[in-house]
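First the structure, in the form of structure tokens, and then the observations on it.
Here, each number is a calculation from the coordinates, and none is a lab measurement. Remember, predicted model here, so these are calculated numbers, not experimental data. Cβ atoms come from the backbone with ideal geometry, glycine included; neighbour counts cover every protein chain shown.
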Amino acid sequence: MSADFFTWREAWRQPAFRGRLGVVLVLLLTLAALLPRFFAWVQARPGTIFPDPLLALLPARDVSGLTFAVIYLGIGLGVATLLPRPYPLLRALTAYLLLHLLRCATLALLPLEPPIGLIMLRDPLVEQLFYAAPAPITKDLFFSGHTATLLLLALAVPAGWRRRVLLAATVAIGLLVMVQRAHYSYDVLAAPLFAGLSFWLAGRLIPTPVR
């Protein structure tokens, strides 16, 4: 039987499920506690400005309001869909953890300066929780975490209208963060690769449900 059809009561009876869920939640909380220092370090380093012909073709506009409306509505849809489905939720949480670890690795290995013409993209929630730094964080560039997160949710939810909505939201966010000049086009184009890799790896790590 598909993992989608397991209830929380059935999943909770599986020691492997309880153990994996506990480990993932602890690691996510630990990562959240460490991210402010990491992003402050990323922001303090000198980086490279990349030429970006694709970005130059797009208009530069402040679209922060629309961007965050799409992001948080998409996250809300994904979370509401996954909450009644314990095994897909566990896979999504595991993939989200792996996605952040991969993003920390790419940020550490590829110091960049923001694109020319950057318009500050303000996210009050994320800035308070993760980017607690004296100055705004503008160098968390490669790869686009917003784009990758929405695609990750699209992969995690069942096929159907929710997935189509989340895929459309992924494309919209990729375009909006480039219009904002908050990301290079390379950051956006790479996001699906890392989201797909994280989701695939998560599928290899979570327990196989049995009745």
How long is the stretch 158-211 along each principal axis, judged by its Cα atoms, biggest number first, in Å? 49, 24, 11
Which order, highest average first, do 196-202, 116-122, 37-43, 174-180 follow once you tally other Cβ atoms within 10 Å for each residue and take the mean per peptide? 174-180, 196-202, 37-43, 116-122
Return one number: the angle in degrees, 0 to 90 and rounded to the nearest 10, between the long axis of the Cα atoms of helix 185-205 and the longest principal axis of the Cα atoms of the chain. 20 degrees
Would you mind pulling out the separation of the Cα centroids of the stretch 144-211 and the stretch 32-58, in Å? 20 Å
How big is the C-alpha Rg of the stretch 1-119 next to the rule-of-thumb value 2.2 N^0.38 Å, as a ratio? 1.42
Spherically averaged projected area of the stretch 54-99 from its Cα convex hull (nm²): 4.7 nm²
Tell me, what ³J(HN,Hα) does each residue in the stretch 51-62 have, in order and in whole Hz, if you take phi through Karplus 6.51 cos²θ - 1.76 cosθ + 1.60 with θ = phi - 60° and put x for Gly and Pro? x, 9, x, 5, 4, 5, 7, 8, x, 9, 9, 8
Kirkwood Rh, Cα atoms: Rg over Rh of the chain: 0.99
Taking θ = phi - 60°, what integer Hz values does the Karplus form 6.51 cos²θ - 1.76 cosθ + 1.60 yield along the stretch 137-145, in sequence order, with x for Gly and Pro? 8, 10, 9, 8, 9, 9, 10, 5, x
Pairing the Cα long axis of helix 86-109 with the longest principal axis of the chain, what angle in degrees results, from 0 to 90 and rounded to the nearest 10? 30 degrees
Computed [θ] at 222 nm, helices only, for the chain once each DSSP H run of length n ≥ 4 contributes -39500 (n - 2.57): -22000 deg cm²/dmol
Sequence-distant residues sharing a close amide H with L112 (under 5 Å, placed H): T48
Relative packing of 92-104, 153-165, 20-32, which averages over residues the other C-beta atoms within 10 Å, highest first: 92-104, 153-165, 20-32
